């Protein structure tokens, strides 16, 4: 995972880090913020937050409505540049579409990003579910099949660090929040090679995920099937979806050997 503390060397640009923290402060729950709210969310002084915001406004990445600041569509350029330059659509999407066509479930590829999973590719179905995901969506890793698969293959120390630092809370009455229990679950996931959850991220949602590895065996990402519990339960999804997912993961791994820059990019984000 990326370093949480600033590097103490001459190559580290504190001003740039502050500007990026301001961009990351805007979320679904906080789409608009005042200067003081941005300062509070980023732990910056009001003066530093104001300079960052004014710079981002001048560059077109942040807009202003009265005393409120908000992101503009210009920030999507960063995501588009990544998706296009890394050939994500060519490398991953066809294989997720095949999973979707075989199972009737939505299928996604995600990576670990700090305490969350971050969706990079998502193939949806026409079925209505309560929780909508898409490219750029984040969910807490501990409560998702994608997150548990990726966490399970981290080192013991990295798992301990995650369980210590993550904001682990109940999302539903079924969400596992006991850290010892989560550790046991991760051990089981690593042993069986997949993770399946039901009603932990939100009620009525069941999913199963498997890892995607680079040629050296390191886990780069994970792919999943996700659907409504009215169609299939946790036990059934493992019996009926695991094989299509494993086959898709293998095909994606083969493609990654043709596009090593994508593997390098993902590894750089999770070190």
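Read the figures in this text as sums done on the coordinates, not as results from a lab. Bear in mind the structure is a predicted one, so any value in this text is a computation, not a measurement. Positions of Cβ are backbone-derived with ideal geometry, glycine not excepted, and every protein chain shown enters the neighbour counts.
The table below lists the values:
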item	result
Rounded FRET efficiency, nearest 0.05, which uses the C-beta distance separating residue 169 from residue 12 and R0 of 22 Å	0.10
Label-to-label distance, nm, for residues given as residue 265 and residue 216 (7 Å Cα→Cβ offset)	1.9
Crossing angle, helix 260-270 versus the chain [Cα axis fit, 0-90 degrees, rounded to tens]	70
Crossing angle, helix 93-103 versus the chain [Cα axis fit, 0-90 degrees, rounded to tens]	40
Cα→Cβ-extended label distance, 7 Å offset, between residue 181 and residue 138, nm	2.6
Among 194-205, 164-175, the order from most to least packed when residues are scored by Cβ within 10 Å on average	194-205, 164-175
Burial order of peptide ranges 147-154, 23-30, 115-122 (average beta-carbon count within 10 Å, highest first)	147-154, 115-122, 23-30
Between 0 and 90°, nearest 10: helix 76-85 axis offset from the chain longest Cα axis	50
Additional length obtainable on full extension of the chain from residue 191 to residue 30, 0.36 nm per residue less Cα span	54.0 nm
Ranked 237, 261, criterion: other C-beta atoms within 10 Å, fewest first	261, 237
Extension gain (nm, one decimal) between residue 43 and residue 59, 0.36 nm per residue minus Cα-Cα	3.5 nm
Whether the range 14-73 is rounded, prolate or oblate, judged on the alpha carbon gyration tensor where a/c under 1.5 counts as rounded	rounded
Extension gain (nm, one decimal) between residue 81 and residue 247, 0.36 nm per residue minus Cα-Cα	56.9 nm
Percent RCO, i.e. relative contact order, over the range 14-73, from Cα pairs under 8 Å lying at least 6 residues apart	36
Protection-proxy order for peptides 63-74, 91-102, 41-52, each taking the mean of Cβ atoms within 10 Å per residue, highest first	91-102, 41-52, 63-74
Inter-centroid distance (Cα atoms) of the range 237-266 relative to the range 149-195, Å	22
Taking the chain and dividing mean pair separation by its residue count, relative contact order in percent (alpha carbons under 8 Å, at least six apart)	17
